[in-house]
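*Asks:* Attaching a single structure in structure tokens format; questions to follow.
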Amino acid sequence: MPRRVHQPLEDEEVDFVLRMSDSPVLAYFSGTWPKAIEACRAMDLVVGRIAEEYANLLTAVKIDITRCPEATKRYGVTGAPSVVLLKEGAVAARRAGPMTHAEVQDFLLAHF
């Protein structure tokens with residue numbers, strides 16, 4: 001993942017990053033179990049590219065579901081990959097499942 005994507009290692013770090021952001025947050029929930037790993041690796045590239053392209057408009061955060069179970073639960077995520085768009089700390093939109101670059105762009109544009 002590019003450096004523009006924050007990767008908190010535990011729930012407390014997730015809360016800190018999400019609260020400290022003064023821009024919308026694209027929270028990408030990832031998993032490392034066998035059924036999720038291929039889709040999540042593909043999403044890593046998509047989210048990394050989005051983070052670069054939208055660097056001045058949003059903060060991208062990759063959250064490992066296994067390492068951050070409380071954040072996963074708090075944001076209503078039930079599977080990986082999933083994305084949640086937060087504005088001013090509140091959930092503005094969410095979507096589960098793998099997405100292409102164009103689908104993530106459409107998701108963001110529909111909710112910005």
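The values are calculated or read from the model by the stated rules, or taken from the named source; none is laboratory data. Being a predicted model, the structure only gives us computed values, none of them experimental. Cβ: placed from backbone, ideal geometry, glycine included. Neighbour counts: every protein chain shown. Side chains included, ligands, DNA and RNA excluded: accessible areas come from the protein's heavy atoms. Shrake-Rupley method; radii C 1.70, N 1.55, O 1.52, S 1.80 Å.
*Asks:* State the extension gain, in nm to one decimal, for the chain segment bounded by Arg74 and Val91, taking 0.36 nm per residue of separation less the distance between their alpha-carbons. Don't skip to the end; give the middle numbers.
*Replies:* Values: separation 17, 0.36 × 17 = 6.12 nm, distance 1.03 nm.
Gain on stretching Arg74 to Val91: 5.1 nm.
*Asks:* Can you give the % of DSSP beta bridges in the chain that are antiparallel, to the nearest 5? Numbers along the way, then the final one.
*Replies:* Values: 11 of 19 bridges.
Around 60 percent antiparallel, to the nearest 5.
*Asks:* How many Å² of accessible area per residue for the chain, probe 1.4 Å? Working shown, then result.
*Replies:* Details: 6370 Å² over 112 residues.
I get 57 Å² per residue for this part.
*Asks:* What percent do you get for the relative contact order of region 47-97 when only Cα pairs under 8 Å and 6+ apart count?
*Replies:* Numbers: 34 pairs, mean separation 11.4, N = 51.
It rounds to 22 percent for region 47-97.
*Asks:* Pull up the cross-link candidates among the lysines for Lys87, meaning alpha carbon to alpha carbon under 26 Å and not fewer than 8 places away within one chain.
*Replies:* Filter leaves Lys62, Lys73.
*Asks:* Hey, any idea what the orientation-averaged projected area of the convex hull of the chain's Cα atoms comes to, in nm²?
*Replies:* Numbers: hull surface 23.5 nm².
Answer in nm², one decimal: 5.9.
*Asks:* Rounded to the nearest 20 Debye, what is the dipole magnitude of region 45-112 about its Cα centre when Lys and Arg each give +1 and Asp and Glu each give -1 at the C-beta?
*Replies:* On the way: 8 positive and 7 negative charges, 52 e Å.
Using Cβ point charges on Lys, Arg, Asp and Glu, region 45-112 gives about 240 debye.
*Asks:* Please list, by residue number, every one of the GluC sites (Glu not before Pro) in region 43-112 that is coil in DSSP and has at most 15 other beta-carbon atoms within 10 Å.
*Replies:* Glu88
*Asks:* Taking all protein chains as present, what is the carbon and sulfur share of the accessible area of the chain, in % to the nearest whole number, probe 1.4 Å?
*Replies:* Working: 3250 of 6370 Å².
Answer for the chain is 51 percent, counting heavy atoms of protein chains only.
*Asks:* To the nearest 500 deg cm²/dmol, what mean residue ellipticity at 222 nm is calculated for the chain from DSSP H runs of n ≥ 4 alone, each contributing -39,500 (n - 2.57), summed and divided by the residues?
*Replies:* Numbers: 4 runs with 47 residues, N = 112.
That comes out to -13000 deg cm²/dmol.
*Asks:* Going by Cα centres, region 1-54 and region 59-74 are how many Å apart?
*Replies:* Answer, in whole Å: 8.
*Asks:* If you filter region 1-107 for trypsin sites (Lys or Arg not before Pro), then keep DSSP loop positions with at most 13 other Cβ within 10 Å, what is left?
*Replies:* Numbers: sites: Arg3, Arg4, Arg19, Lys35, Arg41, Arg49, Lys62, Arg67, Lys73, Arg74, Lys87, Arg94, Arg95; in loops: Arg3, Arg4, Arg67.
Qualifying residues, ordered by number: Arg3.
*Asks:* Let me ask another. Once you keep just the Cα pairs under 8 angstrom separated by 6 or more residues, what percentage relative contact order results for the chain? Spell out each step's value before the answer.
*Replies:* Working: 186 pairs, mean separation 39.0, N = 112.
The value is 35 percent.
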